[in-house]
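Q: My questions all concern the structure below.
The values are calculated or read from the model by the stated rules, or taken from the named source; none is laboratory data. Predicted, not measured: the structure shown is a model, and the values here were computed from it. In this analysis, Cβ positions are derived from the backbone assuming ideal geometry, glycine residues included, and neighbour counts consider all displayed protein chains.
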Amino acid sequence: KEVIIPSSNTQSIPINMVPNGDEASTSYNNKKDESSLVIRNKARLVAVGYSQQERIDYDETFAPVARIEAIRLFLASAAHKDFTVFQMDVKTTFLNGILKEEVYIGQPPGFVSKQYSDHVYALDKALYGLKQAPRAWYDVLL
């Protein structure tokens, strides 16, 4: 098996040229319909974030979240004024954050490139599992 990582998000670098890299893993899920039949198999590349060290691998992780009181106040005000409220969801949120730090990630087990087995990937954008992924997405929104 060989993993294909979008070249727009990564660069392949020899492992001896980086200070330290994070581990990578793969996550597998089955998407099911109402009758519990598997309709799609999903796989994603994730970073093993627990191996990251604060102040070395990342600086900020905080991303503000609206309090429930603020949401209720907003909805009550919108209902009082007969406004229409729309909702949206960004499914690939953590993949769109632009990283400020240099982040290197190893090749996931079972998906090592035969040609570049001693290489790691330098990430340009966030990846699931990185500690700084929520903050990177918040910075994109601003």
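Q: Counting just the residues of region 115-142 that are part of a loop (DSSP other than H, G, I, E, B), within 15 Å of GLU23 (Cβ to Cβ) and among the aliphatic types (A, V, I, L, M), which one comes out farthest from the chain's Cα centre (by Cα)?
A: Step by step, filter region 115-142, then rank; the result is LEU130.
Q: Take GLN107 and tell me if it is over 14 Å from LEU130 (Cβ atoms) and surrounded by 14 or more Cβ atoms within 10 Å (Cβ to Cβ).
A: yes
Q: Are any of the residues in region 92-114 part of a helix (DSSP H, G or I), farther than 28 Å from GLU23 by Cβ and at pLDDT 85 or above?
A: Checked against the condition, which is being part of a helix (DSSP H, G or I), farther than 28 Å from GLU23 by Cβ and at pLDDT 85 or above, region 92-114 yields no hits at all.
Q: Say we look at region 40-75 and pick out the residues that are surrounded by 13 or more Cβ atoms within 10 Å (Cβ to Cβ) and among the aromatic types (Phe, Trp, Tyr); which of these is modelled with the highest pLDDT?
A: By that ranking, first place goes to PHE74.
Q: Run ASP82 past the list (1) in contact (Cβ under 8 Å) with a residue 12 or more places away in the chain; (2) farther than 17 Å from SER25 by Cβ and report the number of the one that doesn't hold.
A: It fails just one condition, (1).
For (1) of a type in the set (D, E, K, R); (2) farther than 21 Å from TYR138 by Cβ, each residue gets a yes or a no:
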site: ASP59; (1), (2): yes, no
site: GLN87; (1), (2): no, no
site: VAL90; (1), (2): no, no
site: VAL103; (1), (2): no, no
site: LYS114; (1), (2): yes, yes
site: ASP118; (1), (2): yes, yes
site: LEU123; (1), (2): no, no
